[in-house]
Amino acid sequence: MVTTPRITPDLSTNVGALRLAFPTLMASGCYGSGEEYAPFVDLARIGGVVLKSVTRFPRLGNDAPRLVPVASGLLNAIGLQNPGIDAYLERDVAKFAERPCAVVGSVAGFSVDDYGYVTERLAARDEIDAIELNISCPNVAHEGETFACDAALAERATRAARQATTKPLIVKLSPNVTDITEIARAVEAAGGDALAVVNTVRGMAIDVERRAPMLGNVTGGLSGAAMRPIALLAVWEVAAAVRLPIVGQGGIETARDALEFLLAGASAVSIGTANFTDPRAPVAICDGLSTYLNEHGYAALRDLVGAANPTFLGTR
Amino acid sequence: MPALLTSPAVHTTVVSERREPASGIVIVGLRAPDLAGAVRPGQFVMVVPPGGERCATALAPYECDGERVSLMIVVVGSRTRELATLAPGSALTVFGPLGNGFDAAALGDDVGLVAGGVGIASLLLLARALREREASVRLYYGARTAAALVGAEAFAALGCAVTLATDDGSCGYRGFVTEPLARKGGEHGALAACGPSPMLRAVGRIAVAGGVPAQLSLEEAFACGVGACWGCAVPLGRESAQAPAFPAPSFGERRDYVHARICTEGPVFWAHELRW
Ligand SMILES: Cc1cc2nc3c(=O)[nH]c(=O)nc-3n(C[C@H](O)[C@H](O)[C@H](O)COP(=O)(O)OP(=O)(O)OC[C@H]3O[C@@H](n4cnc5c(N)ncnc54)[C@H](O)[C@@H]3O)c2cc1C
Ligand SMILES: Cc1cc2nc3c(=O)[nH]c(=O)nc-3n(C[C@H](O)[C@H](O)[C@H](O)COP(=O)(O)O)c2cc1C
Ligand code: FES
C-alpha cells in the first residue's frame, strides 16, 4: 500500500491584496457579523466574514414571510434590512475588531453616489479589511440588482467605490443576466480588485392552499445546493473573461463542492446557506480540502485554482 | 422577555427512544446531558438534518429530565418526515438552546396556557416551572381530532386543569380552542400560548381586549435560528424592551415598529407589543 506523506497543506489564499488564512469567506447576509455563530464554530478557523450589506439610510426590510425552504435550497427576500451607515459606524463596527479572521464590509446602494459614499465611510474604518460591493441584491424593488445587470452601471458603481478607497474592492455579480462576462469586464475596467460570483438566482414559491405567493415580497433569491451548477458555470465563464481573482459562491456545502469552484477558477469560496444546515460546515470544508491536497500530493491550495479550466486567465 | 443567559453549543446526541403516540406525531428521546441542564421553558434547538438536505429544523425541547431531552415532531414536510423516522441508536446533532423563552415569573400565579397542535411541546416545561411554585394553571389545548391531542395527561399529572377542543368534536369542545378561552381567559392573571399563527393572533386579541397580559411563542420559517440572517422578522412596537435598537427609517416607511428576529429577540413576545 502506498502511503501519502502527511504534510500540513497550505490552505491560505489571496483575493487581490486581501490575505486569507483559509479560503472560506462566510457569505454576506448569512453570517451576521460572525458573533452569532461564535458559540458553534471557532472563527479562527474560517477565512473571514462578509458582513450584512449596509446602505446609506436605515431600511426596515421586507414584510414577512422572508424565507421559504425549498428542495435543496432556500428562497429569501430580506430586503436589505440594516440600520444605515451612520448608526452602523457608531454602534456596530467597533466590535468587529475582535474577530480572529478577515472582516469584509458589504455595501449596497440605489445610486452610483450611494456606492461611493457608503464605501468611503465604511472603508475608512480600521476594523474593515476589504469592501464587497453588493450590486446584485434581487430583493429590493426594481433598483438593487440593476447595477449588476447593466455593464455601464456596474462600471460606474465600481468606479465610484474605487475612488472612495484603496482597500481591496470585491464586486458581487448577479447570475440573473444574459452575459455575465460583459459585466465582469466592466468591473475590471473600472478598477475592481476581485469578483464575487454569484449572488442568488431570482425565484419564487406559491402557497397552493392560500393561492398566493409565499414570500411577502412575492419574489426572492434562491440560494443553496439548488443553484450550485448555475454558480459554477458563472465562475467558469468569468474566469475565462477577466484576470481578476474570483470568490466563488452558490450552494457550496462540502469540500468537494468547494473544489469544483476552485478548479473552475475561484481563488476563494463563500459559504452561506450551508451554515444554516450545519454551522460546522466551514471547518469541515477546510478539513476536507486538506485531506484532498494530501491525497493528491498538492502542497498548497493555490496550485489548484483554475486547474480544471483550460480557459482560466487569472494567476495562481 | 428578558434575555436569558444560557450558553448555546453544538451537541452530539444519541436517539434513545422513539414513540408514535398518534399517526404523524412522533416523540424522539435524546441522550443529551449538557443540553438537558441548559434548556429553559420556551427555548428551542436547531436540529441538523441527518441527510444534510435543507436548513436545520427548529424544535422545542418537550420533556427534559436528568440526561434526557425529548422532541415532539409533527410531520408536515421533508425535514420533519426524516426526523420522525430516526431509530434508537442514531446520532443526531443539535445546536442550542436558543432564544429567550417564557418569563415564568412575570406570569404570576394564575395562568392560562394555550396550545394549538404541536405548540403543546413548548408548554410542558413552562407548566412544570409554574406548578413548582404552585401557580394555578389551566391548559387550553386544541387539535384536529382526539387522537392528535397528545400529552394532555402530562399536564393533568402536574396538577393543571385541562380544557380540550377538537376541530371535529371528537373530544372536548367542538371548534377552536380560542372559543372556550374567550369565555374563561379573562379569569386568569396572565396567558402563555404556542401554536399556529392564526391561533396566536386570536389569543392576542382576546388578551388585549380583556386586559390580560399574554406571552406568545411565535412559529415562522427559520433559516439560521441564531440571529444571523434576519429571515424570521416580526413587526414589534418600538416601545418593547425586546425591540432591537434601530434608527427611525428615513422616508416612506412606518416608524412605530421595528423588525425583531423571532429566533433571537423571541420566540416569545408580549401580545400587546406585536404589530403583526
Ligand atoms: C421556535 C420554534 C419551535 C418549534 N417547535 C416545534 C416542535 O416542537 N415540534 C414540531 O413538530 N415543530 C416545531 N416547529 C415547527 C417546525 O420547525 C417546522 O414544522 C419544520 O421546520 C417544518 O419542516 P419540514 O421540512 O418538515 O416542512 P416544510 O417543507 O418546511 O413545510 C412546512 C409546511 O409548509 C407546507 N408547505 C410547503 N410548501 C407549500 C406550498 N407550496 N403551499 C402550501 N403549503 C406548503 C407544508 O405542507 C408544511 O405544512 C417549531 C418552529 C419554531 C420556529
Ligand atoms: C438569508 C440571506 C440573506 C442574504 N443577504 C445578502 C446581503 O445582504 N448581501 C449580499 O451581497 N448577499 C446576500 N445574500 C446572498 C449570499 O451572500 C450568497 O451570495 C448566496 O446565498 C449564495 O451562496 P450560498 O448558496 O452559499 O448561500 C443573502 C443570502 C441569504 C440566503
Ligand atoms: S432565522 Fe436567521 S435571524 Fe432568525
Relative to chain A, whose Cα atoms define the longest principal axis, helix A:255-264 and its Cα axis are tilted in degrees, nearest 10, by 90 degrees
Filtering trypsin sites (Lys or Arg not before Pro) in the range A:1-76 by DSSP loop and by at most 16 other Cβ atoms within 10 Å leaves A:ARG6
HN-Hα couplings for the range B:115-132 via Karplus (6.51, -1.76, 1.60; θ = phi - 60°), in whole Hz with x for Gly/Pro, come out as 10, x, x, 5, x, 4, 4, 7, 9, 5, 5, 5, 4, 4, 4, 5, 5, 4
Placing each pseudo-label 7 Å from Cα in the direction of the beta carbon, A:THR146 and A:ASP113 end up separated by a distance in nanometres of 1.4 nm
Here the tail fraction of P(r) beyond 35 Å, over all Cα-Cα pairs of the range A:13-304, rounds in percent to 10 percent
Here, B:ARG238 and A:MET204, labelled 7 Å along Cα→Cβ, have an inter-label distance in nm of 3.3 nm
In whole percents, the bins of 5 Å from zero upward hold the Cα-Cα pairs of the range A:83-190 as 2, 13, 24, 23, 18, 11, 6, 2, 0
Summed over the other residues with a beta carbon less than 14 angstrom from that of B:VAL28, with K and R at +1 and D and E at -1, the charge totals +2
Using alpha-carbon coordinates alone, the radius of gyration and Dmax of the protein assembly as shown in Å work out to 25.0, 78
Whole-Hz Karplus couplings 3J(HN,Hα) for the range B:234-239, θ = phi - 60° and coefficients 6.51, -1.76, 1.60, Gly and Pro as x, run 9, x, 10, x, 4, 6
When B:CYS64, A:CYS149 are arranged by how many other beta-carbons sit within 10 Å of their Cβ, fewest first, they go A:CYS149, B:CYS64
If each K or R counts +1 and each D or E counts -1, the residues other than B:LEU123 whose Cβ falls under 15 Å of its Cβ total -1
Computed over the range A:13-304, the relative contact order (Cα-Cα under 8 Å, seq sep at least six) in percent reads 19 percent
In whole Å, largest first, the alpha carbons of chain B cover along the principal axes 53, 45, 35
For the range A:1-91 the mean separation of alpha carbon contacts under 8 Å (6+ apart) over residue count, i.e. relative contact order in percent, is 22 percent
The exposure ranking of B:ASP256, B:ASP103, A:ASP193, fewest beta-carbon neighbours within 10 Å first, is B:ASP256, B:ASP103, A:ASP193
With Rh as the Kirkwood radius over Cα pairs, the range B:200-242 has Rg/Rh of 1.04
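B:ALA135: net charge of surrounding residues, Cβ under 15 Å, Lys/Arg +1, Asp/Glu -1, itself excluded?
Every neighbour counted, the sum reads -2.
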Dividing the mean separation of Cα pairs under 8 Å (6+ apart) by the residue count of the range A:202-270 yields a relative contact order in percent of 27 percent
For chain B, the charge dipole (Cβ of Lys, Arg +1; Cβ of Asp, Glu -1; about the Cα centre) points to a positive end, and the Cα of B:CYS64, B:ALA38, B:ALA146 closest to that extreme belongs to B:ALA146
Those GluC sites (Glu not before Pro) from the range A:192-264 that are DSSP loop and have at most 10 other Cβ neighbours within 10 Å turn out to be A:GLU209
Fewest-first ordering of A:TRP236, B:TRP276, B:TRP230, B:TRP270 by Cβ atoms within 10 Å yields B:TRP276, B:TRP270, A:TRP236, B:TRP230
If N is the residue count of the range A:176-243, its Cα Rg over 2.2 N^0.38 Å rounds to 1.43
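Readers should treat all values here as calculations from the given coordinates under stated rules, not as data from a laboratory. Note that this is a predicted model, so its numbers are computed, not measured. Positions of Cβ are backbone-derived with ideal geometry, glycine not excepted, and every protein chain shown enters the neighbour counts.
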